[in-house]
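The values are calculated or read from the model by the stated rules, or taken from the named source; none is laboratory data. Predicted model, so just to flag it, every value in this text is computed and none were measured. In this analysis, Cβ positions are derived from the backbone assuming ideal geometry, glycine residues included, and neighbour counts consider all displayed protein chains.
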Amino acid sequence: MNAGVSPAVIDVTGLTKIFGRKTVVDHIDMRVNRGEIYGFLGPNGSGKTTFIRMLCGLLRPDDGHGTCLGFDVREQAELIKPHVGYMSQKFSLYEDMTVRENLDFIARMYAVADRAAGVARTVERMNLGRFRDQLAGTLSGGWKQRLALAACMIHQPSLLLLDEPTAGVDPMARRDFWDEVHKLAGEGITALISTHYMDEAERCHRLAYIAYGHLLATGTVGEIVAQEGLFTYEISGPDLYGYIDKLRGLPGVEQVVAFGVTLHVSGRDGDALAASLAPYGAAPLTLRRIASNLEEVFISLMRKAVS
């Protein structure tokens, strides 16, 4: 690491990227510590991928400054790349090559000193042994994902930048993937992971949420929920769907969402919300205050962003 810079793995201020007349990433600050799993959330087109590509040296920022792995993100991009494992949204390995051939090719690109040993080590770690000689294109979605993560790890990077790595993967494969990420974090490897899944966000140490290029919230799950100050009530009873449109027009009600056989009703004005919902606590309905969840908070953040 360069002398005199932040010990954080990622430490950037005001990072900005403009394409034509559109500001895709607008002065975003981020600090990620060693061994941290940092979730990066936001809707499609929010700037997540562009931000990640600036961090790993694939795009040059138009404004802002800071470091990634101790190297300047604007002036030392080529020094960052060898120490980062980058996994794009789309499976980008060669489908007409075997698992072993793909990993050997990536090892050659990174000039891994002993490629054969590196491939063998990575195959064993990622439990890919039985697929070693299978064409990558014939793997299931979950195993393609595991191979892509193996390719990220072949050169033993210090930082993983994973762009929606579990999109389209079944729940069991997603769980296995996150178990592996947590093992890597325990070894001191840092991960910045973009995701759309709220259950995955809750497995991160800290989160950042962006929309339309702007950073809207950062912190742990508990901190973000508390910062938003959202009040949520649960309504249960028969024929609930008939109440949805009525509830959405009441003072203090910002969102109404069906959760199984209940409705979750949320808003930031606690007094107005409680007053509007009071009649819905009478039989045959029941009403109770519950903790707001991360999905409800992010919907609230999105609505504020467009208002």
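Among the numbered conditions (1) within 30 Å of residue 190 (Cβ to Cβ); (2) in contact with a helix residue (DSSP H, G or I) (Cβ under 6 Å, 6 or more places away or on another chain); (3) of a type in the set (Ser, Thr, Tyr), the only one that residue 218 does not meet is (2). When 120, 77 are screened for being out of contact with any helix residue (DSSP H, G or I) (no Cβ under 6 Å at 6 or more places or on another chain), among the hydrophobic types (A, V, I, L, M, F, W, C) and surrounded by fewer than 16 Cβ atoms within 10 Å (Cβ to Cβ), only 120 passes. Evaluate the range 232-253: report whether one residue or more is under 30 Å from residue 191 (Cα atoms) and in contact (Cβ under 8 Å) with a residue 60 or more places away in the chain. Checked the range 232-253: no residue is under 30 Å from residue 191 (Cα atoms) and in contact (Cβ under 8 Å) with a residue 60 or more places away in the chain.
Table: residues versus (1) among the acidic types (Asp, Glu); (2) crowded, with 20+ Cβ neighbours inside 10 Å.
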| residue | (1), (2) |
| --- | --- |
| 190 | no, yes |
| 195 | no, yes |
| 201 | no, yes |
| 207 | no, yes |
| 214 | no, no |
| 239 | yes, no |
| 242 | no, no |
| 246 | no, no |
| 257 | no, no |
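Tell me, please, whether a residue that is within 19 Å of the chain's Cα centre (by Cα), acidic (Asp, Glu), part of a loop (DSSP other than H, G, I, E, B) and in the same structural domain as residue 121 (by TED's automatic domain parsing) can be found in the range 31-43. Checked against the condition, which is being within 19 Å of the chain's Cα centre (by Cα), acidic (Asp, Glu), part of a loop (DSSP other than H, G, I, E, B) and in the same structural domain as residue 121 (by TED's automatic domain parsing), the range 31-43 yields at least one hit. Within the range 41-63, the only residue that satisfies the criterion of being on the phi > 0 side of the Ramachandran plot and surrounded by fewer than 19 Cβ atoms within 10 Å (Cβ to Cβ) is 45.
Condition check ((1) in a helix (DSSP H, G or I); (2) free of Cβ contacts under 8 Å to residues at least 40 places away in the same chain; (3) over 30 Å from residue 296 (Cα atoms)) across all residues:
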| residue | (1), (2), (3) |
| --- | --- |
| 51 | yes, no, no |
| 65 | no, no, yes |
| 89 | no, no, no |
| 93 | no, no, yes |
| 102 | yes, no, yes |
| 123 | yes, yes, yes |
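Evaluate the following for residue 160: is it at pLDDT 95 or above and closer than 26 Å to residue 195 by Cβ? Judged against the criteria, residue 160 is a match. For residue 173, the conditions (1) in contact with a Gly (Cβ under 6 Å, 6 or more places away or on another chain); (2) under 17 Å from residue 87 (Cα atoms); (3) surrounded by 20 or more Cβ atoms within 10 Å (Cβ to Cβ) are fulfilled apart from (3). Given the structure, is residue 155 in a loop (DSSP other than H, G, I, E, B) and either touching a helix residue (DSSP H, G or I) at 6+ places or on another chain (Cβ under 9 Å) or surrounded by fewer than 17 Cβ atoms within 10 Å (Cβ to Cβ) (or both)? Yes. Within the range 256-307, being among the hydrophobic types (A, V, I, L, M, F, W, C) and closer than 19 Å to residue 207 by Cβ holds for 291, 294, 297, 298, 299, 301, 302, 305.
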